[in-house]
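Take a look at the structure set out below.
The values are calculated or read from the model by the stated rules, or taken from the named source; none is laboratory data. Values in this document were obtained by computation on a predicted structure and should not be read as measured data. Here Cβ is always computed from backbone atoms with ideal geometry, including for glycine, and neighbour counts include all displayed protein chains.
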Amino acid sequence: MTEDPLDRLRAEAVRDDYPSMIRLARALYETGLGPREVLYECYGVAFPDEFFVLATKPVLMFDYTYQPWDLAVPPDRGGPEDDETDELEADILARDADLVPLGVCLNMYAGFGGLYLCYRLTELAAGRATVFSIEYDVSPDSPITRRADSLLAALHEHLTANAAWVESERHRTIGHSGGHVDDSDVRVAHKFVADIEELRRRVSSSH
């Protein structure tokens, strides 16, 4: 009996081998599935609404991982494309394979900046979008900390802390030559907060 190519790709796909996940995702899109169904096939769990709202990767002081984000982009919209496995993502999976790395908050001085935010497969399977953090330089003993009920909530916390930090830096550097924070930086920081609040409203209104 001839082996089903999709079954072969399913068997070959492993999360710490990003190209194998891409091959499976592309094949699934070719069958007519949409992003939600493709992500379910790839991970075995349903991803929350917030994930698909954020899948366009809006600029939010957040550096997105390759997967699962790129797997949620159909080929006719530019993805997913073959690439090498990201070593940092692989290190996180080696620490705890239940984690789904999502990205790192960029302001090291605000909230949990510099930490990777992750879903957990077991939480997603239970219908929860709980977010956990793990340090950037992952070791076998890296602590894993629960941060928020959702990624949007975690990003809101980080961006609110970022805005407060930017304002404090503006006040601290007023009148100093070479100050690196000005009024435009404050406006941008508050726009990030407004943007994440709008995304949260969008998800809430869809329920």
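Some points to look at:
- Here S142, S168, S133, S184 are screened, and the one residue that is more than 17 Å from A110 (Cβ to Cβ), among the polar types (S, T, N, Q) and surrounded by 12 or more Cβ atoms within 10 Å (Cβ to Cβ) is S142.
- Any hit, segment 27-49, residues being polar (S, T, N, Q) and under 23 Å from L106 (Cβ atoms): no
- Only one of the numbered conditions (1) farther than 30 Å from I92 by Cα; (2) surrounded by 14 or more Cβ atoms within 10 Å (Cβ to Cβ) is violated by L151, and that is (1).
- Identification of helices (runs of 4 or more DSSP H) wholly contained in segment 85-181 with 3 or more residues that are within 23 Å of D16 (Cβ to Cβ) and in contact (Cβ under 8 Å) with a residue 24 or more places away in the chain yields 87-95, 121-125.
- Residue identified as at pLDDT 90 or above and farther than 17 Å from Y43 by Cβ among T65, T122, T56: T56
- The helices (runs of 4 or more DSSP H) found entirely in segment 1-63 that carry 3 or more residues being crowded, with 19+ Cβ neighbours inside 10 Å are 18-30, 35-43, 49-54.
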